[in-house]
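Okay, structure first, notes after.
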Amino acid sequence: MSSDEAQQAEAGSGAGEDRTVRVVLVDDHRMFRTGVQAEIGQTERTRVEVVGEAADVDQAITVITATRPEVVLLDVHLPGGGGVEVLRRSAAMMADAERPVRFLALSVSDAAEDVIGVIRGGARGYVTKTITGTDLVNAIFRVADGDAVFSPRLAGFVLDAFASTDAPPVDEDMDRLTQREREVLRLIARGYAYKEIAKQLFISVKTVESHVSAVLRKLQLSNRHELTRWAAARRLV
């Protein structure tokens, strides 16, 4: 989206109107939430009101249920099961005909599996954290209106996944893994040590080891080097 298009869209949906979109931020990095708040939370200018924040799945469900925002900015990788788990537990709120809660994924990840996973879960769009504040405000208003919004490159993943058949493609190997096992898999493949993974996911090192063992067993792999190659082949790294 060009700067002119973004400004026009913002002018049409936010500036000059009394309408304000209520938003909840869900991301496990406090500094990132603070930055987003600074970019979009000046309500008089942006017409966006940040009504709550959360750092993990349980907090997200509590805050979303209490505030019933129009849009949730949702990170994909969260302690407690990830963004997909938030979507699963928010299904009834998304389906509410009178006050639907809509989700826009905002993540550092541009992996196809992450994009397709949250779209399957019910998110209305997916943008990366390189997005500008102006474009993010525009995306929030569009999602609040029921539109689908994607960063240009990510839109291709969705088109590829849904264009050829009526149903999204299924990766049987990935479907054997739980959401937490997938999170551990990605971090292992990216070179994180067990202690770093434990800190990132708020679990013990022993639990990390158990998840790694389960992943290796389910995927019939022998070690983390094979696991890394397996993940790279699926563009999960």
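The values are calculated or read from the model by the stated rules, or taken from the named source; none is laboratory data. Since we're looking at a predicted model, the values are computed, not measured. Neighbour counts run over all protein chains shown; Cβ positions are idealised from the backbone, glycine included. Heavy atoms of the whole protein, side chains included, go into the accessibility calculation; ligands, DNA and RNA do not. Shrake-Rupley method; radii C 1.70, N 1.55, O 1.52, S 1.80 Å.
Taking the stretch 34-91 as the range and being open to solvent by less than 30 Å² (accessible area, probe 1.4 Å), without any contact (Cβ under 8 Å) to a residue 40 or more places away in the chain and part of a loop (DSSP other than H, G, I, E, B) as the test, the residues that pass are Gly41, Ala55, Ser90. Of all residues in the stretch 192-216, those that are in contact (Cβ under 8 Å) with a residue 24 or more places away in the chain have Cβ atoms under 6 Å from Cβ atoms of residues that are among the small types (Gly, Ala, Ser) and in a helix (DSSP H, G or I), 6 or more apart or on another chain, in Val208/Ala198. Selection within the stretch 92-118: residues that are among the β-branched types (Val, Ile, Thr) and free of Cβ contacts under 8 Å to residues at least 40 places away in the same chain. The member of this set that is least open to solvent (accessible area, probe 1.4 Å) is Val101. When each of Arg153, Arg89, Arg120, Arg102 is tested for being of a type in the set (Lys, Arg) and at pLDDT 95 or above, the lone residue that passes is Arg102. Which residue is least open to solvent (accessible area, probe 1.4 Å), if the candidates are limited to the stretch 119-133 and must be of a type in the set (Val, Ile, Thr) and out of contact with any strand residue (DSSP E or B) (no Cβ under 9 Å at 6 or more places or on another chain)? Of everything passing the filter in the stretch 119-133, Thr132 is least open to solvent (accessible area, probe 1.4 Å).
Taking the conditions exactly as written (surrounded by 15 or more Cβ atoms within 10 Å (Cβ to Cβ), among the polar types (S, T, N, Q) and within 23 Å of the chain's Cα centre (by Cα)), does Thr207 satisfy them or not? So Thr207 fails the test.
Does Arg22 satisfy being open to solvent by 50 Å² or more (accessible area, probe 1.4 Å), in contact with an Asp or Glu (Cβ under 9 Å, 6 or more places away or on another chain) and more than 21 Å from Thr132 (Cα to Cα)? Here the answer is no, as Arg22 does not meet what is asked.
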